[in-house]
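Student: Supplied in structure tokens, the structure appears directly below.
The values are calculated or read from the model by the stated rules, or taken from the named source; none is laboratory data. It should be emphasised that the depicted structure is a prediction, and the values quoted were computed from it without experimental measurement. Cβ: placed from backbone, ideal geometry, glycine included. Neighbour counts: every protein chain shown.
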Amino acid sequence: MAAGSEYCQSLTAYSRRPTTQVRVGDLWMGSDYPIRVQSMTTIDTMDTLGSVEQSIRMIEAGCELVRITAPSVKEAQNLDNIRKELNRRGYRTPICADIHFTPNAAELAARLVEKVRINPGNYADKKRFEIVDYTEAAYQAEIERIREKFVPLVRICKEYGTAMRIGTNHGSLSDRIMSRYGDTPIGMVESALEFLRICEDEHFTNIVISMKSSNPQVMVEAYRLLVKKLKDENLQPYPLHLGVTEAGEGEDGRVKSAMGIGTLLEDGLGDTVRVSLTEDPEFEIPVARTLVDRYAERAATAQPIEALTTSPINPFAYTRRITAEVENFGGKNVPRVIADFSTQEINNPADLQPIGHFYLPATDKWAMNDLGADYLYTGSRSVPFMLPNGLKELIDYPIWRTLGEQAHKFPVFTTTEYLTSIQEQQAFPFLHVVRLSLDDCEGDLLGYLQEDPYAVLLVETTNSHAMPELRRLFFKLIQQRINLPVVIQWSQGQTTADATTLYAATDCGGLLVDGLGDGLMLKPSVENPGQQSKFLNSLAFGILQAARTRMSKTEYISCPSCGRTLFDLQDTTAQIRQRTDHLKGIKIGIMGCIVNGPGEMADADYGYVGMGVNKIALYRGQQVVKRSVPADRALDELIELMREDGVWREPEAALLA
Ligand code: SF4
């Protein structure tokens, strides 16, 4: 690995991490092959035809590996029927059995299908939520107990040529791991390594590893740490299966997935991808494909970026870059959202509605919702009315100077304009924004910026390797001890909403998960300047929320559902959203089953978990507080629970929703 990186080939030049190659039936995975796209069925595994037809829809959409849950031996056995029917219809796509808690189902499935996924948090352990103070001898005895339970599966996989995924989930670590490491990235890594060492002792290496979490930041740190630990312990460089669990649906699910998966792909990590959305699995495939396809030509098209000798940040633990406070940027302020109106007319107050600021003519008052932008960038024009709700305006310097100094209007300089003004001894003792790219960082500029307490930097790039170039720019600022707040301008000009969502979340999110960035400005595409302000504003807030740097809406941690789900998860999620999406900052877990759901919803404040046909369990944090609530009353009871806790509030007027 190049200097400056402990977990990837290079922090500046794109290249895939070299891995072992894994065979899954006729499908190969690893760095010699394209990044594979996979998904999981949501139909009951005992419904053979339903599973076959859903698998075919997934395969036709581009799915290269179909995962199917096998909660017990009877489902594991039925995988054989599903697979035979798929073969009969001409589909040879490999199948992966998803196993939790049931070694005997795994041992059967490993004889029938091409891959088994085991969860090291529950393969040999039942969760009792106990914290035990293990002596070293007692811990080793536990490892020996795992070995006894796990070796038979390993030997079957070896004999049958079956691949294995050791799939750690942040939300379902064993009591043993929790006791020693807590629910931390290092705990996740150690959870996989306990099983991996046994595999290597048995000379079994046809393995892929995953480190999933519903929190992209935790997930990114865990994968990076895994790569480092594999290397440190001289274990094989196994391929990585990337995924963000319980990402949810719609824009939120896409943003979270891209932030976790995309951030790692940018650094060349990841050999297969599953995007977990609370949507039909065939809809996950184009999302995964859009994420992955971006890297097919990356190495060939990227502009070279100045190499790094050392990285000034710790990639394994989040710390926000320390900055000065300028106006309300940086310091301890939440990252700011700047709405870019430079390419569209803005003539009256109604034009601000898409960015969360509302004029109410009946009362002649202004209001704003939780997605109210903080700044307006108007480029070469100025807003002809007074801005409401503390909204401030940023204007290109040549126009700003014709207006004279005005409260709430601040100049934006190009680097040339900034240098000229400084050299002419002009002073700007108030907020001013300076555009900056990596190429600009030469000559006297950085010296002037070091001495300027009022500047906020607006960083930008046109390089297709955008995130690493901007990260390199942040590193340069840190190394030069320039602690000015930095706003990330994203302007990769995608043509579809999905691509914009996924790529903006990757590029901006990849910086935010490392604590880099004090604001976002997402630029409309040139082809479509006007229509996007509401979409881009919501996307900017969504990215900040997914990075957990600014909570502005309710967060839903919903599982993608699978054969264990006993209710319509999509429909239920939509109903819960409709009643609760005004509860800013509250995290609600919506889980299909009580076997894995409570663990998987990790740090949710409340949980809505299926526990039987039409029976729901309601959780406060990790604590179940109501069991067997009839499904038609469960949402009302959940709201009642929030009311008791004093966190419920009535939705605001429809206009502001
Ligand atoms: S939590 Fe959801 S996806 Fe996970 S096993 Fe249960 S029903 Fe399936």
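Student: Of the residues in the stretch 182-225, how many are farther than 29 Å from Arg155 by Cβ, of a type in the set (Ser, Thr, Tyr) and surrounded by fewer than 24 Cβ atoms within 10 Å (Cβ to Cβ)? If you could, list the steps in order and put the result at the bottom.
Tutor: First, the residues of the stretch 182-225 that are farther than 29 Å from Arg155 by Cβ: 182-186, 213-221, 224-225.
Okay, now just the ones that are also of a type in the set (Ser, Thr, Tyr), so 184, 213-214.
Pick out the ones that are also surrounded by fewer than 24 Cβ atoms within 10 Å (Cβ to Cβ) and you get 184.
Result for the stretch 182-225: 1.
Student: Something else: Pick from Thr41, Thr93, Thr102, Thr48: which is under 21 Å from Cys593 (Cα atoms), in contact with a strand residue (DSSP E or B) (Cβ under 8 Å, 6 or more places away or on another chain) and not charged (D, E, K, R)?
Tutor: Details: Thr93 fails: under 21 Å from Cys593 (Cα atoms); Thr102 fails: in contact with a strand residue (DSSP E or B) (Cβ under 8 Å, 6 or more places away or on another chain); Thr48 fails: in contact with a strand residue (DSSP E or B) (Cβ under 8 Å, 6 or more places away or on another chain).
Being under 21 Å from Cys593 (Cα atoms), in contact with a strand residue (DSSP E or B) (Cβ under 8 Å, 6 or more places away or on another chain) and not charged (D, E, K, R) holds for just one of Thr41, Thr93, Thr102, Thr48, which is Thr41.
Student: Given the criterion at pLDDT 85 or above, within 22 Å of Glu75 (Cα to Cα) and under 27 Å from the mean Cα position of the chain (by Cα), identify the matching residue among Ile594, Ile576, Ile590.
Tutor: On the way: Ile576 fails: within 22 Å of Glu75 (Cα to Cα); Ile590 fails: within 22 Å of Glu75 (Cα to Cα).
Sole residue among the options that is at pLDDT 85 or above, within 22 Å of Glu75 (Cα to Cα) and under 27 Å from the mean Cα position of the chain (by Cα): Ile594.
Student: Can I ask one more? Just one of (1) part of a loop (DSSP other than H, G, I, E, B); (2) charged (D, E, K, R); (3) in contact with a helix residue (DSSP H, G or I) (Cβ under 8 Å, 6 or more places away or on another chain) trips up Asp252, so point out which.
Tutor: In the conditions (1) part of a loop (DSSP other than H, G, I, E, B); (2) charged (D, E, K, R); (3) in contact with a helix residue (DSSP H, G or I) (Cβ under 8 Å, 6 or more places away or on another chain), Asp252 misses (1) alone.
Student: So, in the stretch 391-432, exactly how many residues are surrounded by fewer than 17 Cβ atoms within 10 Å (Cβ to Cβ) and either without any contact (Cβ under 8 Å) to a residue 12 or more places away in the chain or part of a strand (DSSP E or B) (or both)? Spell out how you get there, then give the answer.
Tutor: The initial filter retains those residues of the stretch 391-432 that are surrounded by fewer than 17 Cβ atoms within 10 Å (Cβ to Cβ), namely 398-399, 401-408, 414, 416, 420, 423-427, 429-430.
From what's left, either without any contact (Cβ under 8 Å) to a residue 12 or more places away in the chain or part of a strand (DSSP E or B) (or both): 401-402, 404, 406-407, 416, 420, 423-427.
Selection size over the stretch 391-432: 12.
Student: Only one of Phe535, Phe474 is crowded, with 22+ Cβ neighbours inside 10 Å and aromatic (Phe, Trp, Tyr). Can you tell me which? Spell out how you get there, then give the answer.
Tutor: Numbers: Phe535 fails: crowded, with 22+ Cβ neighbours inside 10 Å.
When all the criteria are applied, what remains is Phe474.
Student: Checking Ala2 against (1) farther than 20 Å from Lys115 by Cβ; (2) at pLDDT below 95; (3) within 16 Å of the ligand (Cβ to nearest atom); (4) not β-branched (Val, Ile, Thr): exactly one of these is not met. Which one?
Tutor: Of the numbered conditions (1) farther than 20 Å from Lys115 by Cβ; (2) at pLDDT below 95; (3) within 16 Å of the ligand (Cβ to nearest atom); (4) not β-branched (Val, Ile, Thr), the odd one out for Ala2 is (3).
Student: Listed residues Ile285, Ile313; which is out of contact with any strand residue (DSSP E or B) (no Cβ under 7 Å at 6 or more places or on another chain) and either more than 16 Å from the ligand (Cβ to nearest atom) or modelled with pLDDT of 95 or more (or both)?
Tutor: Details: Ile285 fails: out of contact with any strand residue (DSSP E or B) (no Cβ under 7 Å at 6 or more places or on another chain).
None of the other options fit; the residue is Ile313.
Student: Among the candidates Ile590, Ile616, Ile594, single out the residue that is touching a Phe, Trp or Tyr at 6+ places or on another chain (Cβ under 9 Å), near the ligand (Cβ under 10 Å from one of its atoms) and either charged (D, E, K, R) or not in a helix (DSSP H, G or I) (or both).
Tutor: Answer to the check: Ile590.
Student: Taking the criterion of being part of a helix (DSSP H, G or I) and either crowded, with 20+ Cβ neighbours inside 10 Å or at pLDDT below 95 (or both), would at least one residue in the stretch 154-168 satisfy it?
Tutor: The initial filter retains those residues of the stretch 154-168 that are part of a helix (DSSP H, G or I), namely 154-160.
With the extra rule that they be either crowded, with 20+ Cβ neighbours inside 10 Å or at pLDDT below 95 (or both), the set shrinks to 154, 157.
Yes, the stretch 154-168 contains at least one residue that is part of a helix (DSSP H, G or I) and either crowded, with 20+ Cβ neighbours inside 10 Å or at pLDDT below 95 (or both).
Student: Report, by residue number, each residue of the stretch 483-497 that is in a loop (DSSP other than H, G, I, E, B) and modelled with pLDDT under 95.
Tutor: To start, the set of residues in the stretch 483-497 that are in a loop (DSSP other than H, G, I, E, B) comprises 483-485, 491-496.
Across the stretch 483-497, the qualifying residues are Ser491, Gln492, Gly493, Gln494, Thr495, Thr496.
Student: Further question: So, in the stretch 555-580, how many residues would count as being more than 8 Å from the ligand (Cβ to nearest atom), assigned to a loop (DSSP other than H, G, I, E, B) and touching a residue at least 60 places away in the same chain (Cβ under 8 Å)?
Tutor: Looking only at that region, the number is 1.
Student: Can you name the residue in the stretch 597-607 that is in a loop (DSSP other than H, G, I, E, B) and either within 25 Å of Ser72 (Cβ to Cβ) or among the acidic types (Asp, Glu) (or both) and, of all such residues, is farthest from the ligand (Cβ to nearest atom)?
Tutor: Taking the stretch 597-607 first, the residues in a loop (DSSP other than H, G, I, E, B) are 601-605.
Pick out the ones that are also either within 25 Å of Ser72 (Cβ to Cβ) or among the acidic types (Asp, Glu) (or both) and you get 601, 603, 605.
On the way: Met601: 8, Asp603: 15, Asp605: 18 Å.
The extreme case among them is Asp605.
Student: Moving to a separate point now. Given (1) surrounded by fewer than 22 Cβ atoms within 10 Å (Cβ to Cβ); (2) within 16 Å of the ligand (Cβ to nearest atom); (3) assigned to a strand (DSSP E or B); (4) not hydroxyl-bearing (Ser, Thr, Tyr), where does Arg23 come up short, assuming only one miss?
Tutor: If we test Arg23 against (1) surrounded by fewer than 22 Cβ atoms within 10 Å (Cβ to Cβ); (2) within 16 Å of the ligand (Cβ to nearest atom); (3) assigned to a strand (DSSP E or B); (4) not hydroxyl-bearing (Ser, Thr, Tyr), just (2) comes out false.
Student: Can you report the number of residues in the stretch 507-527 which are over 17 Å from Phe541 (Cβ atoms) and part of a helix (DSSP H, G or I)? Quick ask: steps written out before the conclusion?
Tutor: So in the stretch 507-527, the residues over 17 Å from Phe541 (Cβ atoms) come out as 510, 514-516, 525-527.
Retained after the next criterion (residues that are part of a helix (DSSP H, G or I)): 510.
Counting residues in the stretch 507-527 that are over 17 Å from Phe541 (Cβ atoms) and part of a helix (DSSP H, G or I) gives 1.
Student: How about the stretch 258-292: which of its residues are under 14 Å from Asp507 (Cβ atoms) and small (Gly, Ala, Ser)?
Tutor: Those that are under 14 Å from Asp507 (Cβ atoms) and small (Gly, Ala, Ser): Ala258, Gly260, Gly262.
Student: Anything in the stretch 601-635 that is under 17 Å from Phe567 (Cα atoms), surrounded by fewer than 16 Cβ atoms within 10 Å (Cβ to Cβ) and touching a strand residue (DSSP E or B) at 6+ places or on another chain (Cβ under 9 Å)? List them, or say none.
Tutor: Within the stretch 601-635, Gly612, Asn614, Arg627, Ser628, Pro630, Arg633 meet the criteria.
Student: Looking only at the stretch 56-115, count every residue that is under 16 Å from Pro152 (Cβ atoms), crowded, with 23+ Cβ neighbours inside 10 Å, free of Cβ contacts under 8 Å to residues at least 40 places away in the same chain and more than 16 Å from the ligand (Cβ to nearest atom) and tell me the total.
Tutor: Total meeting the criteria: 1.
Student: Restricting to the stretch 370-390, give me the number of residues that are closer than 20 Å to Asn537 by Cβ, assigned to a loop (DSSP other than H, G, I, E, B) and of a type in the set (A, V, I, L, M).
Tutor: Number satisfying all stated conditions: 4.
Here is a yes/no grid of residues against (1) of a type in the set (D, E, K, R); (2) free of Cβ contacts under 8 Å to residues at least 40 places away in the same chain; (3) away from the ligand (no atom under 16 Å from the Cβ):
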position	(1), (2), (3)
Glu460	yes, yes, yes
Asn463	no, no, yes
Phe474	no, no, yes
Leu477	no, yes, yes
Met521	no, no, yes
Ala540	no, no, yes
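Student: Evaluate the stretch 51-74: report whether one residue or more is part of a helix (DSSP H, G or I), hydroxyl-bearing (Ser, Thr, Tyr) and over 26 Å from the mean Cα position of the chain (by Cα).
Tutor: We begin by selecting, within the stretch 51-74, every residue part of a helix (DSSP H, G or I); these are 51-60, 73-74.
Remaining after also requiring hydroxyl-bearing (Ser, Thr, Tyr): 51, 55.
Still in the running and over 26 Å from the mean Cα position of the chain (by Cα): 51.
Yes, the stretch 51-74 contains a residue that is part of a helix (DSSP H, G or I), hydroxyl-bearing (Ser, Thr, Tyr) and over 26 Å from the mean Cα position of the chain (by Cα).
Student: Among the listed residues Asp518, Asp514, Asp507, which satisfies the condition of being farther than 18 Å from Asp340 by Cβ and at pLDDT 95 or above? It would help to see each step written out before you state the result.
Tutor: Details: Asp518 fails: farther than 18 Å from Asp340 by Cβ; Asp507 fails: farther than 18 Å from Asp340 by Cβ.
Among Asp518, Asp514, Asp507, only Asp514 is farther than 18 Å from Asp340 by Cβ and at pLDDT 95 or above.
Student: Something else now. Go through (1) under 19 Å from Gly167 (Cβ atoms); (2) at pLDDT below 95 and name the single condition Leu269 misses.
Tutor: (2)
Student: Is it the case, given these coordinates, that Ser257 is in contact with a Pro (Cβ under 6 Å, 6 or more places away or on another chain) and small (Gly, Ala, Ser)?
Tutor: Numbers: in contact with a Pro (Cβ under 6 Å, 6 or more places away or on another chain): no; small (Gly, Ala, Ser): yes.
So Ser257 does not fit the description; no.
Student: Of all the residues that make up the stretch 335-353, how many are small (Gly, Ala, Ser) and within 19 Å of Asp396 (Cβ to Cβ)? Walk me through it before giving the result.
Tutor: Residues of the stretch 335-353 small (Gly, Ala, Ser): 339, 342, 350.
Pick out the ones that are also within 19 Å of Asp396 (Cβ to Cβ) and you get 339, 342.
Total meeting the criteria: 2.
Student: Now a separate question. Do we have any residue at all in the stretch 214-230 that's in a strand (DSSP E or B), in contact with a Ser or Thr (Cβ under 8 Å, 6 or more places away or on another chain) and in contact (Cβ under 8 Å) with a residue 40 or more places away in the chain? Before the answer, list the steps.
Tutor: Step one: of the stretch 214-230, the residues in a strand (DSSP E or B) are none.
The answer is no, given that none of the residues of the stretch 214-230 is in a strand (DSSP E or B), in contact with a Ser or Thr (Cβ under 8 Å, 6 or more places away or on another chain) and in contact (Cβ under 8 Å) with a residue 40 or more places away in the chain.
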